[in-house]
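> Sharing a structure here in structure tokens format.
The values are calculated or read from the model by the stated rules, or taken from the named source; none is laboratory data. Since we're looking at a predicted model, the values are computed, not measured. A quick note on method: Cβ atoms are made from the backbone with ideal geometry, for glycine too, and the neighbour counts reach across all protein chains shown.
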Amino acid sequence: MQNFTQGNIARQFIDFTLPIMLGNVLMSVYGIINMIWVGRLLGPDAVAAVAASLPIIMLMPAFLIGLGMATNVLIAQAFGRGDTAMLKRILSNSFFASILFCLLISFVALLFRHEVLGWVRVPVEIRGMALSYLTVMMASLVFQFFINWMNGMLRGLGDATTVVKILILLALFNITFVPLCIRGAGPVPPLGVSGAAWGSALAAVLTGVIGYLYMVRFNPYINMRNWDYSIDWGIIKQVFVIGVPASLQMIVVSLAAVIIVTLVNGYGTAVTAAFGIGMQVDMLATIPFMSIGMAATTIAGQNLGGQKPDRVFKTLRTSIYFGLAIGGVCAVVLFFFSREIGSVFLKESTQSAQVLNYVRGYYHWMAFIFPCYAVIFSIQGVLRSAGDTMALLVMSFLAMFVIRIPLAYVLAGPGGFKQDGIWIAIVTSSALAAILNWLYYRRGTWLNRRIIGEQDS
């Protein structure tokens, strides 16, 4: 655990961000490795089936992720004030509410999974594979949530090292179980595309159990026996006031991704497969910016709790500079080496060559999105630390549904740039979103938000 209310901000930011970045890299790497196993063992159609499912899978836990963000913010603020009693109440009230919502979401998602695949126009030839993968992932959502909750709690306390340990374990289990379940071995039959989901589910179960048992020994807050189980409606209210807009922001982004993949699917399996590869690489390349935003949320949150706004401003400045440096590197690498990166996912064939050409076209545009991410994620991290998630929701809605989606339909429509028009729309909307976030931050209204527990201090 680490207190960020004193000391050198730049050094603390880098020291805290790097473990978070490593942990997020591990999360993305095992997703990429899973896609590589699917592509090399089952072929491009299987890759397209998984790709078609990804936006839907990202949409399902959005509400839970929002509640996790709220918990992270509240924990960071309470820890910055040294309010242990508040910490114990936040943990118990937010955890059990989130678990109940998670089970509800899983049930509803499983009930309508057939309809959802039809709504997003998944090609008929891969719909059966997509359904088998999607079903298992939806059913195992609660196990993935528990790991995310543990990691969010630890980040709020400034403990990124333990997060890395948990994610290393998760990655190792995934690397082991996914190919085993796809190909089968011994008593395990070959499960095909669904095997990738079964392998991930098994990895999540084992990681959750082992991670919790490990942390009980070293972290006094994680042990459920030490929690305060009294119902605190003030905390529950704050969790939802912060968490619901954060969830809706995630849903807005995920729905936009579903609409985008619906457009992409209209150009055939090869373009869908290229988009799936591109999304996996994007997830990896976006990790530094997500990590910077997470670090900014925790560090700024603790300093807001400690009533030190000058350190919040220094946190943002450091995060943007750090992000721009990384964004420049990502843009250069993906622009010039996109085909070579894409070839990692597929064996050589005529169909694979076509897919790789689409991957190259994708990154000739999408490489320029990463400097935008440096600004967006940094500012959103600071705004989220203050609990100003409603503003983030509004700005995301404008970027996605006022700019990105209409522009994609226009540019990819008749007489347009086909799938390239979609990529152009994504980059353009991201650049405008960066400007919008900066203008809102400069207004400074987010600093006036009430911090939970402040009235009791």
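> For segment 245-285, give me each residue that is more than 14 Å from Leu54 (Cβ to Cβ), in a helix (DSSP H, G or I) and small (Gly, Ala, Ser).
Result: Ala246, Ser247, Ala270, Ala285.
> Any idea which of (1) modelled with pLDDT of 80 or more; (2) of a type in the set (Lys, Arg); (3) farther than 28 Å from Ala256 by Cβ; (4) surrounded by fewer than 22 Cβ atoms within 10 Å (Cβ to Cβ) is the one Arg127 doesn't satisfy?
(3)
> Can you go through Met69, Met21, Met27 and tell me which one is in contact with a Ser or Thr (Cβ under 9 Å, 6 or more places away or on another chain), assigned to a helix (DSSP H, G or I), in contact (Cβ under 8 Å) with a residue 40 or more places away in the chain and surrounded by fewer than 24 Cβ atoms within 10 Å (Cβ to Cβ)?
Matching residue, one of Met69, Met21, Met27: Met21.
> Still on this model: Across segment 251-281, what is the number of residues that are farther than 30 Å from Met69 by Cα and of a type outside the set (Ser, Thr, Tyr)?
Residues flagged as farther than 30 Å from Met69 by Cα and of a type outside the set (Ser, Thr, Tyr) within segment 251-281 amount to 9.
> Determine whether segment 314-326 contains at least one residue that is charged (D, E, K, R) and closer than 17 Å to Ala10 by Cβ.
Yes, the conditions are met somewhere in segment 314-326.
> Six or more apart or on different chains, Cβ atoms under 6 Å: show the pairs whose first residue is in segment 139-162 and under 25 Å from Leu110 (Cα atoms) and crowded, with 23+ Cβ neighbours inside 10 Å and whose second is modelled with pLDDT of 80 or more and among the charged types (D, E, K, R).
So the pair list comes out empty.
> Which numbered condition in (1) closer than 30 Å to Tyr267 by Cβ; (2) assigned to a helix (DSSP H, G or I); (3) of a type in the set (Val, Ile, Thr) is the only one that Val122 fails?
For Val122, the failing item is (2).
> Taking the condition closer than 27 Å to Thr71 by Cα and in contact (Cβ under 8 Å) with a residue 60 or more places away in the chain, does Ile168 pass?
The answer is yes for Ile168.
> Same structure again: Would you mention how many residues in segment 300-314 are in a helix (DSSP H, G or I) and within 15 Å of Leu74 (Cβ to Cβ)?
Residues flagged as in a helix (DSSP H, G or I) and within 15 Å of Leu74 (Cβ to Cβ) within segment 300-314 amount to 6.
> Same structure again: Within segment 403-440, work out how many residues are over 18 Å from Ile369 (Cα atoms), surrounded by fewer than 20 Cβ atoms within 10 Å (Cβ to Cβ) and either of a type outside the set (Lys, Arg) or at pLDDT 90 or above (or both).
Looking only at that region, the number is 10.
> OK, next. Please work out which one of (1) closer than 23 Å to Asp388 by Cβ; (2) within 20 Å of the chain's Cα centre (by Cα) is the condition Ile90 fails and give its number.
Answer for Ile90: the failing condition is (2).
> Scan (1) crowded, with 16+ Cβ neighbours inside 10 Å; (2) in contact with a Pro (Cβ under 7 Å, 6 or more places away or on another chain); (3) within 28 Å of Ile422 (Cβ to Cβ) for the single condition Gly328 breaks and write down its number.
(1)
> Looking at Ile57, is it at pLDDT 80 or above and either touching a strand residue (DSSP E or B) at 6+ places or on another chain (Cβ under 8 Å) or part of a helix (DSSP H, G or I) (or both)?
Considered against the rule, which asks whether it is at pLDDT 80 or above and either touching a strand residue (DSSP E or B) at 6+ places or on another chain (Cβ under 8 Å) or part of a helix (DSSP H, G or I) (or both), Ile57 comes out as no.
> Right, here's the next one. I'd like to know if segment 375-390 contains one or more residues that are surrounded by fewer than 21 Cβ atoms within 10 Å (Cβ to Cβ) and out of contact with any helix residue (DSSP H, G or I) (no Cβ under 7 Å at 6 or more places or on another chain).
No, that holds for no residue.
> With (1) within 21 Å of Ala48 (Cα to Cα); (2) part of a helix (DSSP H, G or I); (3) of a type in the set (A, V, I, L, M, F, W, C) as the list, and Ile236 as the residue in question, which single condition is left unmet?
The number of the failed condition is (1).
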